[in-house]
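The block underneath contains the structure these notes are about, expressed in structure tokens.
The values are calculated or read from the model by the stated rules, or taken from the named source; none is laboratory data. If you're wondering where the values come from, they're calculated on a predicted model, not measured in any experiment. Note that we place each Cβ from the backbone using ideal geometry, even for glycine, and neighbour counts take in every protein chain shown. In case anyone asks, the SASA skips ligands and DNA or RNA and just uses the protein heavy atoms, side chains included. Shrake-Rupley method; radii C 1.70, N 1.55, O 1.52, S 1.80 Å.
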Amino acid sequence: IYFAMLRALRRRWESYKYRFVPWIALNLRHKRRTLRFVPEGSKDKIISDEDVLQTLLKMFKALFVNDLTRQKPLLSLLPEVQSKYLEIPVAQPKTSTAIGDCQKSQITFNAEEVLFNTLGFSIVRRRSSLVSAGTGVFVTRGFVPKRTVVAMYPGTVYENYEPIFFQSIGNPFIFRCIDGVLIDGNDRGISKAVYRSCSKRDQLGPLKMNDVSWIVAAAQNPLAVGQYVNNCSEDRAANVCYQEFDIPECFPVEFKQYLPNVSYSHEVQRPLRVVVLVALRDIGPGEELFFQLLHNHQLNLKSQQWNSFGPLRMPIILSNSEGS
């Protein structure tokens, strides 16, 4: 009985250790073949940073304009921003009518409808088509063209020297970037409390520097569901990949409220890291999104990919040649 218990514990550890950030940190240099590793100097963006930026700006502007009435306190503090939206009609609920023949009005939409009207598709979280995989992400309407940003990976951003020990325990949503930066996409427990705290720390009155709504039911940024995209399987090929992107200093301040990421430390002197999911092929309505954990020739962890904790969110960012 004693040896049977030890074997059971060992099997559980062999599956869980790939989700345990301290173990990953200690074994990174020794076991690169079991982790995502991009050789120095390789190209790992299948679309340009400019394409990512323009997609985010387009989507966030649509969300901002759709909710212009609620933005009045923010606009009153930023006259230079307010001047850009003077000609846009005031939004009204769908069921209301404008008073007076000369008053302009604008119909408001929910976030999913804004996504569909802006980028031509909508995505939603629901039960995965994979057995025992839990929640997945599906395209519900429209069409996602190849090389299109389809989702974002939300969460608290940690530098590789910052404390994440307790947040990492039993957490399947720790994402490791190429340079060792970690993103905790868990929307529960300690991770949720840390994200909310950091977000309130950075808020300046009505000026929000990031989006908190993804940790609750009603997300104002419909792209912020990337942490629930599941790993591909033998009969479910990958149709998206991860791509890292640093928010530039020129990013409009009024759009930062839609960024689903926050830096753990207020003193980090670097651009905010975000991760987007990019379509590897055309994706139609009804399809579930799947990412690839590792390059095919490195995929020797089949027994560790799934267990009760779910998949480790290690990124796969293809080179230009692979993504063509």
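Things worth noting here:
- Filter pass, G284 being modelled with pLDDT under 50 and touching a strand residue (DSSP E or B) at 6+ places or on another chain (Cβ under 8 Å): no
Here is a yes/no grid of residues against (1) open to solvent by 60 Å² or more (accessible area, probe 1.4 Å); (2) modelled with pLDDT under 95; (3) on the phi > 0 side of the Ramachandran plot; (4) not β-branched (V, I, T):
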position: L207; (1), (2), (3), (4): no, yes, no, yes
position: N221; (1), (2), (3), (4): no, no, no, yes
position: N230; (1), (2), (3), (4): no, yes, no, yes
position: Y264; (1), (2), (3), (4): yes, no, no, yes
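- Residues that are touching a residue at least 60 places away in the same chain (Cβ under 8 Å) and not polar (S, T, N, Q) were ranked within the range 232-243; the one that is most open to solvent (accessible area, probe 1.4 Å) is R236.
- Restricting R36, R32, R10 to those that are modelled with pLDDT of 60 or more and closer than 30 Å to F165 by Cβ reduces the list to R10.
- Residue that is open to solvent by 30 Å² or more (accessible area, probe 1.4 Å) and more than 16 Å from P260 (Cα to Cα), where the choices are I169, I164: I169
- Subset of the range 287-309 (residues that are modelled with pLDDT of 85 or more, farther than 24 Å from L63 by Cα and either of a type outside the set (F, W, Y) or open to solvent by 30 Å² or more (accessible area, probe 1.4 Å) (or both)): E287, E288
- Elements of type strands (runs of 3 or more DSSP E) contained in the range 141-199, each with 1 or more residues being touching a helix residue (DSSP H, G or I) at 6+ places or on another chain (Cβ under 6 Å), modelled with pLDDT of 95 or more and aliphatic (A, V, I, L, M): 149-153
- For the range 200-231, a residue qualifies if it is under 26 Å from P73 (Cβ atoms), touching a residue at least 24 places away in the same chain (Cβ under 8 Å) and assigned to a helix (DSSP H, G or I), and the qualifying residues are R201, D202, W214, I215.
- Per the listing D211, D202, D246, the residue uniquely touching a Phe, Trp or Tyr at 6+ places or on another chain (Cβ under 8 Å) and either surrounded by fewer than 23 Cβ atoms within 10 Å (Cβ to Cβ) or at pLDDT 95 or above (or both) is D211.
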